[in-house]
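A short write-up of the structure that comes next.
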Amino acid sequence: MELISNQQINKLLSGKHLKKVSEAYDANKSISVSVFCLTFNQEKYIRDALDSFLMQLVDFNVEIVVHDDASTDSTPIILDEYAAKYPHIIKIFKEKENLYSKIGDTIGIERLLIKKIKGDYVASCEGDDYWTDPYKLYLQKNMLDSFDNINYCTHKVFKMDLINNANNCFIPERHLDSCVLTECELANFVNLGYPFQTSSYFMRKVFYQRFLEEYPKFAQIIPTSDESIMYYYCNNGGCVYLDREMSCWRQFTENSWNVNLLHSTSKEQNERRRKLASGIMSFYDYSGKRFHSCIDRANRFMIVTYISENNLKQIFKEKSMRKTLKKQGIINYYKLRIKACLQKNEKKN
């Protein structure tokens, strides 16, 4: 792990004459960064997202590409308002019918739009999230310019829990200093559990497009595109991480996948865990079985599934699953083992 000091980060900003996106735009230069935003019925939040894109301080051209998935509220009106004010920067793509409900994931939408994006880099942020640091794009671009063998840059994200009113949480939940993560280090960190949120993603377009066009089997199985993207970069260069809070994830907004998950049945949640476990093991094969931490993460999803289904004996059938469970704590392991034996005896009687 190669650490990046605050001094290195601050040096990038020192003495720079940066301007807001609209003021920095030069029609004679090509687009350096494309901001990619997906939105649907987010009239309460979309202004925050757009304003946070426009406040970025840069010395390169930025375009803002927004995909509206047939919103039925005032989101399209707000988008038109911003596009009229910044026609050279903001580009809106509207659907007549909701694509997500047909396709079932956002990757299908991203695959349709990637060829319309002109930047060398792509920064993502959904319409209910927003950026909080005006230097975000500048820092992330310069980081990837500095590490030309790395194709993916993320950062610390503030998590705003709208249901529990918890406002002191961050992603990643485990502390990580600013650093360059090798492919193996990134895989190990990802397999500890969802470390990076989409509002922090900054990627070289060529690799992001390659991922979308290749659309590997593991990405077709894993239910969410953000997880798939993280795994893809575990096998394609690793990651630069900045321990600097630069965006906000609004968790549990209306129509969001985490609200749908919250209201899903136990059966639906177990099905999702099975897909995650299957997708992770598919990535394990895709990577040439390089990252053994994938096995533990897949097993953890299946252990929770079997516990939910009251099918404890299944946990102890596989050696690798027993090993994973022991890593979670020997006491918990034997508690479940005893409970599984009791279940077996009950069925016999």
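The values are calculated or read from the model by the stated rules, or taken from the named source; none is laboratory data. A quick note: this is a predicted structure, and the numbers were derived from the prediction, not measured. Using ideal geometry, Cβ is built from the backbone for each residue, glycine included, and neighbour counts are taken over all protein chains shown.
Counting only residues that are in a helix (DSSP H, G or I) and buried (at least 17 other Cβ atoms within 10 Å of the Cβ), region 183-198 holds 8 of them. Taking region 199-254 as the region of interest, the helices (runs of 4 or more DSSP H) fully inside it that hold 2 or more residues being more than 25 Å from residue 159 (Cβ to Cβ) and in contact (Cβ under 8 Å) with a residue 12 or more places away in the chain are 205-214, 217-221. Filtered by the rule that a residue be buried (at least 16 other Cβ atoms within 10 Å of the Cβ), acidic (Asp, Glu) and assigned to a helix (DSSP H, G or I), region 77-117 gives a lone residue, 110. Filtering region 21-43 to residues that are free of Cβ contacts under 8 Å to residues at least 40 places away in the same chain, not acidic (Asp, Glu) and not in a helix (DSSP H, G or I) leaves 28, 29. The single condition from (1) touching a Phe, Trp or Tyr at 6+ places or on another chain (Cβ under 9 Å); (2) modelled with pLDDT under 90; (3) part of a helix (DSSP H, G or I) that residue 278 fails is (2).
Of all the listed residues (157, 122, 180), the sole one being over 30 Å from residue 328 (Cα atoms) and either free of Cβ contacts under 8 Å to residues at least 24 places away in the same chain or outside any helix (DSSP H, G or I) (or both) is 122. Just one of the listed residues (323, 317) is charged (D, E, K, R), within 30 Å of residue 236 (Cα to Cα) and at pLDDT below 90, namely 323.
If we keep just the residues of region 1-20 that are assigned to a loop (DSSP other than H, G, I, E, B) and out of contact with any strand residue (DSSP E or B) (no Cβ under 7 Å at 6 or more places or on another chain), which is surrounded by the most Cβ atoms within 10 Å (Cβ to Cβ)? Per the stated criteria, the residue is 16.
Inside region 123-149, residues that are aliphatic (A, V, I, L, M) and either outside the structural domain of residue 204 (by TED's automatic domain parsing) or under 17 Å from the mean Cα position of the chain (by Cα) (or both) make up a count of 2. Going by what's in this entry, would residue 301 be described as touching a Leu at 6+ places or on another chain (Cβ under 6 Å) and not assigned by TED's automatic domain parsing to the domain that holds residue 43? Yes; evaluated as a whole, the condition is true for this residue. Scanning region 62-87 for residues that are free of Cβ contacts under 8 Å to residues at least 40 places away in the same chain and of a type in the set (S, T, N, Q), we see that the one that is nearest to residue 24 (Cα to Cα) is 74.
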